[in-house]
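Note sheet for the following structure.
Please treat every number below as a calculation from the coordinates, not as lab data. Given the structure is predicted, the values throughout are model-derived calculations rather than measurements. With ideal geometry, Cβ positions are generated from the backbone for all residues, glycine too; neighbour counts draw on all protein chains shown.
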Amino acid sequence: MASYSEEDYTQRSVLEAPAGIADAGVPLEDYLADSTQHLESIAERSAQGEPIDHESREWMLAQVDYIVESMGSDDLDISDDMRSNMLQLLLAIANLNEQIRHDSAHSL
């Protein structure tokens, strides 16, 4: 079982990834794969009953902002499959956020 530290999350801050996509030409496929993997690690920690830290929640919100802004951009020309993948990531974030919120309400 992997252990995650705050350093792991600050190193993988996705607040940097959206800017990196625009600035460094990071392929959207890579962004989606990395973000999905990161989200799965947060979901795994949550499923194990670990509290989700502020940085992880901020990471999730940053992804929502990025996806919504990207999908609303007239400049974004992506395939239907890629658009679907972005929406799936958005839905997965929303579902995990709701699960975390629900779990924290029950722990109070």
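Neighbour counts of other C-beta atoms within 10 Å: give me 53, 77 arranged from fewest to most.
In increasing order of surrounding Cβ atoms, one gets 77, 53.
Which of 56, 73, 102 sits closest to the plus end of the dipole of segment 24-106, meaning its Cα is farthest towards the positive end, when Lys and Arg get +1 and Asp and Glu get -1 on the C-beta?
Result: 102, furthest along the dipole toward the positive end.
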